[in-house]
Amino acid sequence: MVSPLPRLRRKHLSPADLSRTALLGVTGRPQRTALASLGIALGIASLVALTSAAASNQAHLQAEFDAMGANLAIVTPARDPGGEQVPLPQTAPQAIARQDHVERIGVMETTPAGLGVFRNDLVPATATGGLSVAVARPDLLAALDAHLAAGRWFDDATRALPVTVLGATAAERLGITQPGDLLYIGGQWYGVLGILADSGLAGGDIDTAAILGDQWVRAAFAGVDDIGEISQIFVRAAPGKIADLRQTLASAARPGSPQWANFSGMGDLIAAREMTDDALATLGLALGGISLVVGGVGIANTMIVAVMERRAEIGVRRALGARPGQVAAQFVTEAAALSVLGGLGGLTLGVAAAVTIAQVSAQPLAIPGLVLLAGPAISLLIGCLAGLQPAVRAAHVPPTAALRAA
Amino acid sequence: MSAIPVIAAHEVSKAYATGGVDMTVLQPTSLTIDPAEQVVIVGPSGSGKSTLLTILGTLETPSTGRVLVQGREVTALREWERSAVRAQSIGFVFQQFHLMPTLTAVGNVATGLLYSGVSHSERNRRAVAALESVGLGHRLGHRPKMMSGGEQQRVAIARALIRKPAVLFADEPTGALDSATGEMVIDLLAQVADRGTAVVIVTHDHAIAAKFDRRIQILDGHATQEVGHHG
């Protein structure tokens with residue numbers, strides 16, 4: 001007579017039903033939602049904004065250095081342990097010029113010691129005015145990407161004559177604006193052949209120098225120690241190839257003993273700036289991290305309050321047949337939704353900030369793609385963690401709560 | 001089949017330990033409720049009538065005794081199984097309605113099937129039918145705030161009825177309503193029983209209790225049953 005009882009089955013909430021139920025709590029109280037997700041939003045925003053600013057800064061720097069001479073390296077002779085300079089072989093320039101990715105080179109030669117640059121022969125020999133003398137081969141101008149403000153540069157004829165080309169600063173200090181004037185250098189009169197434009201960072205000391213032709217110096221100072229030796233080789237490489245050339249260039253300059261060739265370039269400067277940018281990105285991570293933790297605590301707090309306020313709702317759901325686990329899932333999902341909402345808001349805010357920063361500082365906009373993916377993922381994780389404890393509380397609310405709550 | 005009572009309680013009691021002293025709020029009570037029966041549990045506040053309702057409705061486990069729902073002993077079940085029994089066989093109506101303020105009438109009623117494994121569209125379809133059956137076919141898209149107390153309680157009744165429970169428990173269903181509206185709600189609950197669902201109403205109001213043939217009086221945790229006549 002007694003019919004067997006039907007088996008009890010666990011009915012599951014579909015993901016759609018779960019998110020629909022959880023979103024009720026999120027959309028039902030917009031003000032609470034906004035406040036609860038604010039911390040996460042700020043965290044993600046600072047993460048995105050600062051890492052983007054660092055990336056923009058980096059991109060800007062690259063562009064600036066490429067224009068200015070990031071692809072410029074300088075090979076110089078090294079000193080031996082006794083402090084004596086070990087000269088580069090005369091074949092070094094040609095050897096370097098043959099290397100892949102080397103676009104052009106320029107050579108400077110050793111300067112005779114004790115040369116002062118004066119307006120005339122009445123100026124005391126000690127008043128050098130901070131000016132120096134350099135000795136260049138004609139290829140130097142192109143290698144430096146330097147330009148003439150007036151006059152001409154050395155050619156095959158003038159490199160053997162007592163003429164000089166002045167750096168921009170040197171010309172200014174000497175009060176020379178036109179070629180054709182005479183200068184008194186090392187007890188000898190020189191005609192001013194040309195005046196260089198400001199060379200910027202790439203040219204280094206060239207701005208304060210009076211440049212003499214290599215063949216003239218070799219003839220006039222014949223027999224003097226070191227004259228005619230190579231002091232610097234400027235190497236202009238294809239963009240971004242300088243670092244790779246470090247070993248190649250030293251070997252090419254001094255086959256068999258590359259340790260006797262020094263190599264320097266803008267790379268060191270770039271490395272320094274990269275450290276600054278890394279510091280900026282680290283600051284972004286730290287600020288973002290702190291905000292995210294605070295944001296997570298904010299969400300946990302909001303959810304705990306929500307559980308207390310919504311005991312009746314939870315009781316009703318339990319009375320309608322919700323299992324403790326389903327109630328817990330609802331609250332975890334709600335916390336996750338709050339957090340992801342904050343995360344998306346923060347992403348928008350952060351991108352807007354990055355765009356503004358890039359525009360104001362006139363830098364190219366660069367937003368690391370990883371941050372765009374990581375933002376929402378991190379906020380999802382934080383939301384789930386923040387929701388755990390409140391969800392466990394919610395699951396413990398007894399079904400009778402619906403009766404007792406007013 | 002109809003011989004099996006929807007609810008059978010054997011010597012159920014409830015005691016709480018407060019400050020080391022056992023406080024018995026419900027003395028051992030036995031009763032059965034048959035399909036489509038109308039029962040009222042009446043007593044002053046604090047008498048233990050709500051406790052009896054929560055025990056019979058599987059919301060709470062008794063300290064002693066057994067409860068069977070449609071022949072299944074629920075006091076021996078695990079938590080998820082009791083939830084399943086509620087989802088399948090039992091409906092509740094509360095004094096404060098407890099509707100979700102952000103949901104429409106249809107949404108609220110559909111929640112009655114949320115934990116029963118019924119699809120979203122089917123839930124909404126049945127919610128419309130349930131609202132029409134309580135005379136709220138014109139209020140489908142309204143939110144609780146836009147409805148009167150009586151209408152809200154009818155939405156709550158529709159939410160309880162949507163899964164066609166074997167028994168419906170109503171805890172002071174007229175407590176938040178004026179007397180005329182309350183009477184309407186009681187009439188509606190009486191109709192529910194006529195359609196085959198047993199109805200158990202808890203009230204402190206003897207005027208309401210007098211409308212029902214079967215009354216369970218509770219005083220200080222002692223239940224006495226009487227079968228009276230329509231008053």
Checklist entry - Given charges of +1 on the Cβ of Lys and Arg and -1 on the Cβ of Asp and Glu, with all other atoms neutral, how large is the dipole of the range B:103-231 about its Cα centre, in debye to the nearest 20? => result 720
Checklist entry - So for A:L140, B:L168, A:L344, fewest C-beta neighbours within 10 Å to most, what's the order? => result A:L344, B:L168, A:L140
Checklist entry - Within straight cross-link reach of B:K49, meaning Cα distance under 16 Å, which aspartates and glutamates are found once same-chain residues fewer than 8 apart are removed? => result B:E11, B:E60, B:D171, B:E172, B:D205, B:D220, B:E226
Checklist entry - How crowded by other chains is A:21-29, given as the mean number of beta carbons from other chains within 10 Å of each beta carbon? => result 2
Checklist outcome for this item: For A:K241, the aspartates and glutamates lying under 15 Å Cα to Cα, once residues fewer than eight places off in the same chain are dropped, come out as A:D66, A:D100, A:E103, A:D268
Checklist entry - Against the longest principal axis of chain A, how steep is helix A:15-28, in degrees 0 to 90 to the nearest 10, with axes from Cα atoms? => result 80
Next on the checklist: Apply the a/c threshold of 1.5 to the C-alpha gyration tensor of the range A:314-362 and tell me whether it is rounded, prolate or oblate.
Outcome noted: prolate
Item to check | Ordering of A:159-169, A:98-108 by burial proxy (mean other Cβ atoms within 10 Å per residue, highest first) | outcome: A:159-169, A:98-108
Checklist entry - If R0 is 60 Å, what FRET efficiency do you get for A:R218 and A:V355 from their C-beta distance, rounded to 0.05? => result 0.55
Next on the checklist: Averaged over its residues, how many other protein chain Cβ atoms are within 10 Å of peptide B:109-117's Cβ atoms?
Outcome noted: 5
Checklist outcome for this item: So for the range A:155-198, using the alpha carbon gyration tensor with a ≥ b ≥ c as root eigenvalues (a/c under 1.5 gives rounded; past that, a/b versus b/c decides prolate or oblate), I'd call it oblate
Checklist entry - To the nearest 10 degrees, how steep is helix A:30-68 against the longest Cα principal axis of chain A, on a 0 to 90 scale? => result 20
Next on the checklist: Relative contact order of chain B, please, whole-number percent, based on alpha carbon pairs below 8 angstrom and at least 6 residues apart.
Outcome noted: 28
Next on the checklist: Sort A:L388, A:L249 by Cβ crowding within 10 Å, fewest neighbours at the top.
Outcome noted: A:L388, A:L249
Checklist entry - What is the calculated FRET efficiency for A:E309 to B:Q27, with r their C-beta to C-beta distance and R₀ = 30 Å, to the nearest 0.05? => result 0.25
Checklist outcome for this item: Dividing the mean separation of Cα pairs under 8 Å (6+ apart) by the residue count of the range B:44-113 yields a relative contact order in percent of 19
Next on the checklist: Testing the spin-label approximation: label points 7 Å from Cα along Cα→Cβ at A:S14 and A:T177. State their distance in nm.
Outcome noted: 8.5
Checklist entry - Within straight cross-link reach of A:K11, meaning Cα distance under 20 Å, which lysines are found once same-chain residues fewer than 8 apart are removed? => result B:K164
Checklist entry - Which of the listed residues, A:A22, A:L5, A:L42, is farthest toward the dipole's positive end in the range A:1-43, when Lys, Arg count +1 and Asp, Glu count -1 at the beta-carbon? => result A:L5
Checklist entry - Looking only at other chains, what is the average number of their beta-carbon atoms within 10 angstrom of each beta-carbon in A:7-13? => result 6
Checklist entry - With each pseudo-label sitting 7 Å past Cα toward Cβ, what's the B:A3-A:T128 distance in nm, one decimal? => result 12.4
Checklist outcome for this item: Summing -39500 (n - 2.57) over every DSSP H run of at least 4 in chain A, dividing by its residue total and rounding to the nearest 500, the 222 nm mean residue ellipticity is -17500 deg cm²/dmol
Next on the checklist: Compute the helix-to-body angle for B:179-194: its Cα long axis versus the longest principal axis of chain B, expressed 0 to 90° and rounded to tens.
Outcome noted: 80
Checklist entry - Can you put A:Y190, B:Y115 in order, fewest other beta carbons within 10 Å first? => result A:Y190, B:Y115
Checklist outcome for this item: Magnitude of the Cβ-charge dipole (Lys and Arg +1, Asp and Glu -1) of chain B about the Cα centre, nearest 20 debye, reported as 840
Checklist entry - For the residue pair A:V293 and A:E229, what label-to-label distance in nm results when each label sits 7 Å from Cα along the Cα-to-beta-carbon direction? => result 6.0
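Any read-out appearing in this document is the output of simple, stated calculations on the displayed coordinates, not a laboratory observation. From a predicted model like this one, the values you see are computed outputs, not experimental measurements. No Cβ is skipped: glycine too gets one built from the backbone with ideal geometry, and neighbour counts run over all protein chains shown.
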